[in-house]
Amino acid sequence: MNNKYFIIDFDSTFVQVEAMDELAVIALANHPDSEKVIEEIRSITNLGMEGKISLSESLNKRVQLLGANKKHIEQVITLLKTKVTQSFKRNSEFLKNHASNIYIVSSGFKECILPVVKEFGILENHVYANTFTYDENGNVNGLDTTNPLSQDKGKVSVVKNLALTGDVWAIGDGITDYEIREAGAASLFYAFTENITREAVIAKADAEIKSFDELLYIHELPRAISYPRNRIKILLLENVHPNGIKLLQDEGYTVECMKGSLGEDELCEKIKDVSILGIRSKTMVTKKVLDAAERLISIGAFCIGTNQIDLDYATKKGVCVFNAPYSNTRSVVEMVIGEIIMLMRKVVSKNTKMHKGVWDKSADNCYELRGKKLGIVGYGNIGSQLSVLAESLGMQVYYYDVIEKLQLGNAKKCDTLDELLSIADVVTLHVDGRKSNANIIGEYEFGLMKDKVIFINLSRGHVVDIDAMVKVLQSGKILGAAVDVFPYEPKNNQEEFINPLRGFDNVILSPHIGGSTEEAQLNIGEFVARRMINYVNTGDTTQSVNLPNIQLPELKQAHRLIHLHSNVPGILAQINQVLANHSANVLGQYLKTNELVGYVISDINVEYGKNVLNDLKKIPGTIRARVLY
Ligand SMILES: NC(=O)c1ccc[n+]([C@@H]2O[C@H](COP(=O)([O-])OP(=O)(O)OC[C@H]3O[C@@H](n4cnc5c(N)ncnc54)[C@H](O)[C@@H]3O)[C@@H](O)[C@H]2O)c1
Ligand SMILES: O=C(O)CC[C@@H](O)C(=O)O
């Protein structure tokens, strides 16, 4: 590190904001035309940053408009301390440990800058900036014009005077930072875009860095996190809730969102450099998609069902899949109850008639649900919660599940599907979307149902043979039906819904919205985003659908080596041999396997051979190995 120097800009680089703009907001708070003046100051700042007016002109104009005094400067310092850029904050240890290599060179004002950067160990005599001049009452009345930083190319002359020999890297968001490199006073200029992106500046830069982590990563320097988060690209399809998006953005990941889903070919193209994919029920993540995904480490299904993902193949490729197993359960249950009532009272067909002007007041074939037999197929999270609510409304609940399930309340277990179908007044499906559930309700099963049955499917489209259902609807056997899920569903809201169930006035059709409530989507968005963040940042697989679930302790003063491999004998021994070869002191080790893969986490002392990760990757059967800190 001896011959590497960092020339760091302050405004919008070391801190997230422009100190002068913030000072203006504070100083002009009681000014009658404050908004107008602040806007003027901001536009002058930008003109200066983009090189459209000279720096001295920009500075002078702004100071005159400011009307600030010493009290305001105190207030802006307090504010700036809360606005330090995340990646500088994260790497405070690096800044402290290498203080002699770090300079802050800014056209801003030292009074505002020094108290902020000092807290990060920056040396006072390494801070170069302008200084205000004051009148006898402590009001700012100008700036020290003898300071080179008040002049055009001031940064250039300051850095030249430092006479640094070695690698000098200028890091900033403005043209004046580039000028240091242009004049040959710095060897490289990095356009810093964590806070603001100026295309004109990026165009001049040797490279864009979206965070200070990225610079440290590029140059293999000591850093707070192993991999810059902004390099982790996330693609979120199908309208994920804004809270989920924000959680991921706040972590520093690069997030792209799309409202609809993508077809296989489009997704194959789009997914190439994506590390995390977020979907709901419509996006099919096939083998072909997984093969096209060169960097994918995790998929978040922002829903319950995961049948749209080739889970076995994802597991073999070491892609960790999460879903939200409970967040929309209640929403589905409420919709089922509502639909049973609407169908039993023929509200749906009567509503259609009313809109055509037909007054059909009659009680024919209209029933209370009290005392009726509800047959639940699939007694999982939704089925069992429905059981409790339906019973509280006076229904007699029967259920059938392929695995042994404890009954809740007075619900009665049926030993076969046939038994349930022949007992129930209302049949509702809540099975999962496994492939073998295709057409579990077809002609034969409809035949077993009672006359005037109410039939509901809010589970998955492929579990019902739609042609058989159409026949039985035409026969008049079904009193009413509600269907929310279909074997083929439109990819987005622009595509027409085409299905033979259209046109029956006793059938409620809904566009797969059983779980689409504000409450559920918010919960799902946050739940899945948190699971994925935890996995990426710590390796924790708790509640993953496909990888062995390991809940990990927080990583403190250690590096975490993560090794995912095919589940074959002897891998743990080989991992430990590699660790021994590199004299790595193991602080904790965690292992779990499922039938396809094994997951080994080794927390080790930070002193270890550099090639340990490469050697771990060479172990036969390795799917993925990474280091985290
Ligand atoms: N319409 C929507 O918007 C919406 C919202 C949420 C969930 N869902 C779907 O609802 C279904 C149920 O969700 P959950 O959270 O209760 O799932 P779950 O996994 O908790 O429960 C499914 C239950 O079905 C049982 N099962 C599977 N196949 C069966 C079969 N052939 N016969 C009888 N039982 C069978 C399983 O053993 C399990 O107990 C899933 O398909 C899910 O994707 C739809
Ligand atoms: O929101 C979705 O797309 C799917 C909802 C539901 O089917 C689920 O599986 O949770």
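Some observations on this one:
- The set of residues in region 350-394 that are away from ligand 1 (no atom under 16 Å from the Cβ), crowded, with 16+ Cβ neighbours inside 10 Å and either within 44 Å of the chain's Cα centre (by Cα) or in a helix (DSSP H, G or I) (or both) comprises K350, L369, K373, E391.
- Boolean, G252 is touching a Ser or Thr at 6+ places or on another chain (Cβ under 8 Å), at negative phi and part of a loop (DSSP other than H, G, I, E, B): no
- So L216, is it away from ligand 2 (no atom under 16 Å from the Cβ) and in contact (Cβ under 8 Å) with a residue 12 or more places away in the chain: yes
- Taken over region 501-530, the residue count meeting the criterion of being more than 16 Å from ligand 2 (Cβ to nearest atom) and in a helix (DSSP H, G or I) is 1.
To keep it simple, each residue is scored yes or no on (1) at pLDDT 95 or above; (2) part of a helix (DSSP H, G or I).
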site	(1), (2)
S100	yes, yes
V116	yes, yes
F120	yes, no
T133	no, no
E136	no, no
N141	no, no
T146	no, no
V156	yes, yes
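- When residues of region 214-249 are limited to those that are in a helix (DSSP H, G or I) and closer than 30 Å to H512 by Cα, the one modelled with the lowest pLDDT: Q249
- Any hit, region 489-497, residues being farther than 26 Å from N381 by Cβ, within 40 Å of the chain's Cα centre (by Cα), among the hydrophobic types (A, V, I, L, M, F, W, C) and in the same structural domain as A363 (by TED's automatic domain parsing): yes
- Residue-level analysis places I53 outside the set of residues that are more than 20 Å from F6 (Cβ to Cβ) and part of a helix (DSSP H, G or I).
- Residue count, region 399-413 (criterion: in a strand (DSSP E or B) and within 11 Å of ligand 1 (Cβ to nearest atom)): 2
The values are calculated or read from the model by the stated rules, or taken from the named source; none is laboratory data. Bear in mind the structure is a predicted one, so any value in this text is a computation, not a measurement. FYI the Cβ positions are ideal-geometry reconstructions off the backbone, even for glycines, and counts take in every protein chain you see.
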